1. Any chance you could tell me what percent of the C-alpha pair distances in region 3-63 go past 14 Å?
2. Label 7 Å along Cα→Cβ of Thr4; region 35-64 residues with amide nitrogen under 17 Å?
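Values quoted throughout were computed directly from the atomic coordinates according to the rules given, and no laboratory measurement underlies them. Keep in mind that what you see is a predicted model, and the values were worked out from it rather than measured. FYI the Cβ positions are ideal-geometry reconstructions off the backbone, even for glycines, and counts take in every protein chain you see.
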Amino acid sequence: MSRTALALLAAAFAVLALIAGGAQLAAFVASSRPRHLVLAVFALAVGISVAIAAGAALWRARRR
């Protein structure tokens, strides 16, 4: 599998993680249960981290 394809799959995973984090954040606001906040922070951190890595990989692939 090419590096560009892997970077695009990573970007798709980042979007899913950010959506999951947003959903957990909404659940925390609705229920005030700290479990949802912990999951939201984790999912958002993973999503942001993977999005940055995928963006950097796509940037490098574009420059070649």
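1. When every Cα pair of region 3-63 is considered, 56 percent fall beyond 14 Å.
2. 54-64, by backbone N distance to the label point.
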